[in-house]
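Novice: To start, I am sharing the structure in question, which I have written as C-alpha cells.
The values are calculated or read from the model by the stated rules, or taken from the named source; none is laboratory data. None of these values were measured; they are calculated from a predicted model. FYI the Cβ positions are ideal-geometry reconstructions off the backbone, even for glycines, and counts take in every protein chain you see. The area values use the complete protein model at the heavy-atom level, side chains included, leaving out ligands, DNA and RNA. Shrake-Rupley method; radii C 1.70, N 1.55, O 1.52, S 1.80 Å.
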Amino acid sequence: MGRIVTKEEMDEAVLIEPFTGVRLLKDGKTVVKTGAHTREAQGNTMKFVRQHTSIPVLEVHNVYKDQRTGFWCIVMEYVAGTRLDHAWATFDTEAKASVMKQLRTYFDELRSIKGSFIGAVDGSPCDDQFFCASPWSYGPYQTEEEFNEGLCQAWSTDRDDEEAFTLLLCQMQRTTMHGHDIVMTHNDFAPRNILVRGSTVVAILDWEYSGFYPE
C-alpha cells in the first residue's frame, strides 16, 4: 500500500507552492500536492514518464483520493533545487549551454513517445488553459480533427464580444492544423517548472497539463 498522509502531517506541513497547493511534510523529504484542481492523471503521468524516459521527474509514492476532503492527493519525493527562472541570470555562457543541451535531450526523448489519442496518458480528458472554463470535459479525442473542434468549442464559450476574432481563429485551426503526429507533451514547459543544482537539471515539475497532443 502506498503512503497515506495523515491530517496531523498535513497540519504540520509547510506550504511551499501556494498556487498549486504543494506542501512539504515535516520529514523534509516528502511533498504532497492536493486541492480542488489536483487530478489523478498528473500522478499517473509522472509515473509514466519515469518509467519510459530518463527525464528527472519526482518519484510518486502514492496517488489517492482523501476521504476527508474528497480531493486527490499526490505524494512525492522532495528534490532540493533552484528554479531555473531564478538561477538563469547567475549562469555564464557555458552553464546556459549545458542546461539547454540537457533540456533538449529530455524533450526530444519525451516527444519521441507517440500516442494513439489526444488527452492525458491515462485516457482522461485534456487539461490546460484553453479548457479551464469547463475542466475535464474536453476529450479524450481520437483524431486531430476532433481536437480542433474541441478547441473551437472552448474558444467560443462566453466570447460574444470577440466573435469575429474567434471565428477567424477557429477557421485557421481547422484549415491548418492537421496531419501531425500525436506525441507526449509537457504542455506547461517554462523555467519556473525546472529545478537545477548548479547547471544540472534535477527535476522537471508540474505535469498536470501533460498528455498526448499534436506535435
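Novice: Take segment 129-160 and flag every residue that is out of contact with any strand residue (DSSP E or B) (no Cβ under 7 Å at 6 or more places or on another chain), within 13 Å of Gly119 (Cα to Cα) and acidic (Asp, Glu).
Specialist: Glu146, the sole residue that qualifies.
Novice: Here's another thing I want to ask about it. Considering only segment 183-194, I want to know if a residue exists there that is modelled with pLDDT of 95 or more, part of a loop (DSSP other than H, G, I, E, B), in contact with a helix residue (DSSP H, G or I) (Cβ under 6 Å, 6 or more places away or on another chain) and of a type outside the set (Asp, Glu).
Specialist: Checking segment 183-194: not a single residue is modelled with pLDDT of 95 or more, part of a loop (DSSP other than H, G, I, E, B), in contact with a helix residue (DSSP H, G or I) (Cβ under 6 Å, 6 or more places away or on another chain) and of a type outside the set (Asp, Glu).
Novice: A further question on this structure: Do you know which of the residues in segment 76-106 that are under 21 Å from the mean Cα position of the chain (by Cα) and of a type in the set (Phe, Trp, Tyr) is least open to solvent (accessible area, probe 1.4 Å)?
Specialist: Tyr106
Novice: Specify which of the listed residues (Ala164, Ala87, Ala120) is among the aliphatic types (A, V, I, L, M), in contact (Cβ under 8 Å) with a residue 40 or more places away in the chain and more than 20 Å from Glu40 (Cα to Cα).
Specialist: Within the list Ala164, Ala87, Ala120, the selection yields Ala87.
Novice: Right, something else. So for segment 60-75 (the condition being loosely packed, with under 13 Cβ neighbours inside 10 Å, modelled with pLDDT of 95 or more, under 18 Å from Leu195 (Cβ atoms) and out of contact with any Leu (no Cβ under 7 Å at 6 or more places or on another chain)), does at least one residue qualify?
Specialist: Scanning segment 60-75, I find no residue that is loosely packed, with under 13 Cβ neighbours inside 10 Å, modelled with pLDDT of 95 or more, under 18 Å from Leu195 (Cβ atoms) and out of contact with any Leu (no Cβ under 7 Å at 6 or more places or on another chain), so the answer is no.
Novice: Scanning for something in contact (Cβ under 8 Å) with a residue 12 or more places away in the chain and either within 20 Å of the chain's Cα centre (by Cα) or open to solvent by 50 Å² or more (accessible area, probe 1.4 Å) (or both), does segment 170-177 turn up at least one residue?
Specialist: Checked segment 170-177: at least one residue is in contact (Cβ under 8 Å) with a residue 12 or more places away in the chain and either within 20 Å of the chain's Cα centre (by Cα) or open to solvent by 50 Å² or more (accessible area, probe 1.4 Å) (or both).
Novice: Here's another thing I want to ask about it. Could you check Cys152 against (1) closer than 26 Å to Lys101 by Cβ; (2) assigned to a helix (DSSP H, G or I) and say which number it fails?
Specialist: (1)
Novice: Kindly provide the set of residues from segment 186-215 that are of a type in the set (Phe, Trp, Tyr) and in contact with an Asp or Glu (Cβ under 6 Å, 6 or more places away or on another chain), ordered by number.
Specialist: Correct list: Tyr209 only.
Novice: Taking segment 21-55 only, how many residues are surrounded by fewer than 16 Cβ atoms within 10 Å (Cβ to Cβ) and in contact (Cβ under 8 Å) with a residue 40 or more places away in the chain?
Specialist: Number satisfying all stated conditions: 4.
Novice: Looking only at residues in segment 195-215 that are closer than 30 Å to Trp136 by Cα, in a loop (DSSP other than H, G, I, E, B) and of a type in the set (Ser, Thr, Tyr), which one is modelled with the lowest pLDDT?
Specialist: Per the criteria, the residue is Tyr209.
Novice: Name the single residue that is nearest to the chain's Cα centre (by Cα) among those in segment 1-51 being under 18 Å from Asp128 (Cβ atoms) and of a type in the set (Lys, Arg).
Specialist: Arg39
Novice: OK, next. Out of Val196, Val183, I need the residue that is open to solvent by less than 30 Å² (accessible area, probe 1.4 Å), within 23 Å of Ser112 (Cα to Cα) and not hydroxyl-bearing (Ser, Thr, Tyr). Which one? Lay out the reasoning, then the answer.
Specialist: Numbers: Val196 fails: within 23 Å of Ser112 (Cα to Cα).
Within the list Val196, Val183, the selection yields Val183.
Novice: Test Phe147 against the criterion of being in a helix (DSSP H, G or I) and touching a Phe, Trp or Tyr at 6+ places or on another chain (Cβ under 6 Å), and give yes or no.
Specialist: So Phe147 passes the test.
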